[in-house]
Amino acid sequence: MVVAEDDARRAMLAEMAYYRAHHDEADSWAALRDLRRRCAALVAGELDTALPLSDVEEALLAALRFRAYPEVPEVLAALRAGGARLAVVSNWDVSLHDVLERTALRPLVDVVVTSAEARVAKPDPRIFAIALERLGAPRDGAVHVGDSLEVDVAGARAAGVGAVLVVRDGGTPVPEGVRVVSSLRGLVAGA
């Protein structure tokens with residue numbers, strides 16, 4: 001089947017919006033399978049294709065590619081070597097655990113908290129409290145690093161946690177008083 005670029009873009013944007021609105025429903029592998037089927041059905045409907053739904057789902061999953069920014073493994077390792085306890089706190093479904101394994105980042109963090117499993121999403125301060133509890137860490141001295149003012153910085157501040165904003169492109173206007181780094185290297189002393 002040949003799909004026009006504009007049609008593919010429209011279908012994928014619709015799927016991404018649907019996924020973002022529903023990813024917190026995928027708090028188990030069974031629920032994730034159901035969400036993936038619904039996403040595939042949406043794409044199939046947008047493209048008005050007679051392809052079997054399983055083929056559309058397989059194509060969607062095959063298109064997913066995750067990789068860490070190049071500095072991430074070395075920075076996480078350096079932070080851990082310096083005694084930091086690390087958590088990933090993400091608005092994501094249960095599959096984040098697999099993504100972290102496949103990108104070789106899982107051994108570099110102590111705790112993974114997904115919004116789907118926690119049943120609360122950033123910027124709600126409760127997701128940060130869950131991560132701190134699982135780490136056995138106090139709020140005082142804790143820092144959350146993220147790339148969104150609205151979700152990461154606002155959420156961390158609401159939770160009483162320090163916040164660092166990652167601005168890789170340098171084009172994002174940042175309010176006064178927000179610590180900014182251009183890569184995670186900015187978290188390591190002497191970087």
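Here is how the numbers come out for the structure above:
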quantity: Residue selected from region 41-65 under the condition in contact (Cβ under 8 Å) with a residue 24 or more places away in the chain and within 21 Å of the chain's Cα centre (by Cα), by the criterion surrounded by the most Cβ atoms within 10 Å (Cβ to Cβ); calculated: LEU60
quantity: Qualifying residue in region 100-109 (condition: among the charged types (D, E, K, R), free of Cβ contacts under 8 Å to residues at least 12 places away in the same chain and over 16 Å from ARG20 (Cβ atoms)); calculated: yes
quantity: Selection count, region 125-158, where residues are assigned to a loop (DSSP other than H, G, I, E, B) and either crowded, with 16+ Cβ neighbours inside 10 Å or aromatic (Phe, Trp, Tyr) (or both); calculated: 2
quantity: Checklist (1) surrounded by fewer than 18 Cβ atoms within 10 Å (Cβ to Cβ); (2) in contact (Cβ under 8 Å) with a residue 12 or more places away in the chain; (3) among the basic types (Lys, Arg) applied to LYS122, failing item; calculated: (1)
quantity: Filter result (at pLDDT 90 or above and surrounded by 13 or more Cβ atoms within 10 Å (Cβ to Cβ)) within region 161-177; calculated: VAL161, GLY162, ALA163, VAL164, LEU165, VAL166, VAL167
quantity: Residue match in region 80-95 (condition: assigned to a helix (DSSP H, G or I) and either crowded, with 19+ Cβ neighbours inside 10 Å or in the same structural domain as ALA26 (by TED's automatic domain parsing) (or both)); calculated: no
quantity: Residue check for ASP124: out of contact with any Phe, Trp or Tyr (no Cβ under 8 Å at 6 or more places or on another chain) and modelled with pLDDT of 95 or more; calculated: yes
quantity: Total residues in region 9-37, condition of a type in the set (A, V, I, L, M, F, W, C) and exposed (fewer than 14 other Cβ atoms within 10 Å of the Cβ); calculated: 6
quantity: Residue that is outside any helix (DSSP H, G or I) and either small (Gly, Ala, Ser) or assigned by TED's automatic domain parsing to the domain that holds ARG139 (or both), where the choices are VAL99, VAL112; calculated: VAL112
quantity: Residue list for region 1-40, restricted to those being touching a helix residue (DSSP H, G or I) at 6+ places or on another chain (Cβ under 7 Å), in contact (Cβ under 8 Å) with a residue 40 or more places away in the chain and of a type in the set (A, V, I, L, M, F, W, C); calculated: VAL3, ALA26, ALA31, LEU35
quantity: Helices (runs of 4 or more DSSP H) wholly inside region 1-77 that include at least 3 residues being in contact with a Cys (Cβ under 8 Å, 6 or more places away or on another chain); calculated: 5-22
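The values are calculated or read from the model by the stated rules, or taken from the named source; none is laboratory data. It should be emphasised that the depicted structure is a prediction, and the values quoted were computed from it without experimental measurement. As a convention, Cβ positions derive from the backbone with ideal geometry for all residues, glycine included, and neighbour counts pool all protein chains shown.
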